[in-house]
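Enquirer: Mind having a look at this structure? Questions to follow.
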Amino acid sequence: MELDPLLTSLVLSRSEIRRRNRETWTDIDWEAVKTDPKTKVLLLKSGKIEVVNNQIIFSNVSSTDKDLIWVDLGIDQVGTPYLVAIDESVAPAGWNDLREVGAKLNDLEVALLVTSVAIANWHRVNKHCTNCGTASTVTAAGWTRECPDCKIVHHPRTDAAIICLVVDVQDRALLGSRINWPDDFFSTFAGFVEPGESAEMTVIRELREEAGVDIAYEDIIYRGSQVWPFPASLMLGYRVKTNTKDPVADGYEISEVRWYTRNELKADCEAGKLSLPSKISIARALIEEWYGAELPQSWLRP
Ligand SMILES: [Zn+2]
């Protein structure tokens, strides 16, 4: 397999924001940023933002509710500070979520949004100390929560998951359809890294479990990673080669598996018999890299 060093078309991994060192935050620094008239505020309401002409509509600090959860996002290349204000109230009609606008925003704005969604998801389900149950306090410019009772500092969590494109000795790609997906929707194989596993062990286990495919450790090639905040994953992407000729869907998580040559993939997509993962997904990037050309939007799920 001749491959480029790493995937370059990951829609949600286009970070251009420079983070500040959160360990050095003091209340004074934080308040100064919050009152700086240059600061732009991304107002996130239940995971949605206001977008017009593929650009985020930012708020300013003075017009935004001070009782929201505020998180520092960093500084752009011309020194503009960005904050997200996390509001759990319902978004107005017409606001959009990351899945809808992720592929349309510029590099800076998608970095701001993906970070905002990820940290908002963490705050939403971590309002109480996981050690003693006391309501925790937002600290370090929104990047930690501290328990006022047992003093434990809680850091945001990210769940590691693997995702892989399987190819055979003829360079066909194996795609699978999950039980709860539409019949024509096929993608790569994925699963969470379980306690005690390396990412490569997860690749080997998941493919054996879901598709009856045997993978040798030396046939696993890392391709890149992308945050997937639905709600809190980091997807580690791989290309793997197998000698297994007759993969079998487990019938539990995966309903069907199919081998595709590039011509068969094109023919099925054009005939409307196959749809592939959305533009923002790393699965799309893995399939596209194997296919060797950009996958038309009409082949992809919205
Ligand atoms: Zn506690």
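Enquirer: On the protein heavy atoms, probe 1.4 angstrom, tell me the percent of accessible surface of segment 143-266 carried by carbon and sulfur.
Expert: Within segment 143-266, the accessible surface is 51 percent carbon and sulfur.
Enquirer: Still on this structure, I have one more. Could you bin all the Cα-Cα distances of the chain into 10 Å bins starting at 0 and give me the percent of pairs in each, rounded to whole numbers?
Expert: Each 10 Å bin holds this share of Cα pairs: 6, 24, 29, 22, 14, 4, 0.
Enquirer: In segment 185-262, what trypsin sites (Lys or Arg not before Pro) fall in a loop by DSSP, with at most 12 other Cβ atoms inside 10 Å?
Expert: Lys245
Enquirer: Rounded to the nearest 500, what is the 222 nm mean residue ellipticity of the chain from helices alone, with -39500 (n - 2.57) per DSSP H run of 4+ residues and division by all residues?
Expert: -6000 deg cm²/dmol
Enquirer: Quickly rank 152-159, 138-145 as a protection proxy: mean count of other C-beta atoms within 10 Å, highest first.
Expert: 138-145, 152-159
Enquirer: Could I ask something else about it? Can you pull out the trypsin sites (Lys or Arg not before Pro) in segment 1-61 whose DSSP state is coil and whose Cβ has at most 15 other Cβ atoms within 10 Å?
Expert: Arg19, Lys38
Enquirer: List, in order, the whole-Hz ³J(HN,Hα) value for each residue of segment 67-76 obtained from phi through the Karplus relation with A = 6.51, B = -1.76, C = 1.60 and θ = phi - 60°; use x for Gly and Pro.
Expert: Working through the residues one at a time gives 7, 6, 7, 10, 10, 6, 9, x, 10, 7 Hz.
Enquirer: What's the Cα-based Rg to Rh of segment 159-299, Rh via Kirkwood?
Expert: With Rg and the Kirkwood Rh in hand, the quotient comes to 0.93.
Enquirer: Next question. For the chain, modelled as a Gaussian network with Cα springs under 10 Å, which listed residue fluctuates most, Phe186, Phe58, Phe230?
Expert: Residue with maximal mean-square fluctuation among Phe186, Phe58, Phe230: Phe230.
Enquirer: Further question on the same structure: Starting from the Cα of Ile221, step 7 Å along the direction of its Cβ; do the same at Glu194; then give the gap between the two resulting points in nm.
Expert: It works out to 2.9 nm between the two label points.
Enquirer: Could I have the simple spin-label model distance between Glu146 and Arg205, label points 7 Å from Cα toward Cβ, reported in nm to one decimal?
Expert: Using points 7 Å along Cα→Cβ, the separation is 3.7 nm.
Enquirer: Another one. Using modelled amide H (1.01 Å from N, peptide plane; none on Pro or chain starts), what sits under 5 Å from the amide H of Leu300, excluding residues fewer than 5 places away?
Expert: Leu276
Enquirer: Can you tell me how segment 1-125 classifies by the Cα gyration tensor, rounded, prolate or oblate, using a/c under 1.5 as the rounded cut?
Expert: Note, shape of segment 1-125 comes out oblate.
Enquirer: Additional query: Please go through segment 18-96 and write out the GluC sites (Glu not before Pro) that DSSP classes as loop and that have at most 15 other C-beta atoms within 10 Å.
Expert: Hits after loop and neighbour filter: Glu88.
Enquirer: Return one whole number: the accessible area per residue of the chain in Å², for a 1.4 Å probe.
Expert: Per-residue accessible area for the chain comes out at 50 Å².
Enquirer: Starting from the Cα-Cα distance between Asn126 and Gln297, subtract it from 0.36 nm times their residue separation and give me the gain in nm to one decimal.
Expert: 57.8 nm
Enquirer: With only alpha-carbon atoms in the gyration tensor, what are the semi-axes of the equivalent ellipsoid for segment 1-71, in Å, largest first?
Expert: 31, 19, 11
Enquirer: Would you please state which residues of segment 71-103 a label at Asp36 would reach in this model, taking the label point 7 Å out along Cα→Cβ and a backbone N cut-off of under 18 Å?
Expert: Under cut-off, by backbone N: 71-85.
Enquirer: Also, I was wondering about something else. Subtract the Cα-Cα distance of Gln170 and Asn54 from 0.36 nm times their separation in residues, and report this length gain in nm to one decimal.
Expert: 37.6 nm
Enquirer: In terms of modelled amide H atoms, which long-range or inter-chain residues lie less than 5 Å from the amide H of Leu43?
Expert: For Leu43, the qualifying residues are Ser59, Ala85.
Enquirer: Let me ask something additional. Using the Karplus curve 6.51 cos²θ - 1.76 cosθ + 1.60 with θ = phi - 60°, work out ³J(HN,Hα) for each residue of segment 185-193 in order, rounded to whole Hz, and write x for Gly and Pro.
Expert: With the stated coefficients, segment 185-193 comes to 9, 10, 8, 6, 9, 8, x, 6, 6 Hz.
Enquirer: Related question: At a Förster radius of 30 Å, what calculated FRET efficiency corresponds to the Cβ-Cβ distance of Glu2 and Glu100, to the nearest 0.05?
Expert: 0.25
Enquirer: Another question, then. Report the gain in length on full extension from Arg20 to Thr261: 0.36 nm times residue separation, minus Cα-Cα distance, nm rounded to one decimal.
Expert: Going from the current span to full extension adds 82.1 nm.
The values are calculated or read from the model by the stated rules, or taken from the named source; none is laboratory data. Every value quoted in this text rests on a predicted model; they were computed, and no experiment measured them. A quick note on method: Cβ atoms are made from the backbone with ideal geometry, for glycine too, and the neighbour counts reach across all protein chains shown. Remember, those area values only see protein heavy atoms, side chains included, never the ligands or the DNA or RNA. Shrake-Rupley method; radii C 1.70, N 1.55, O 1.52, S 1.80 Å.
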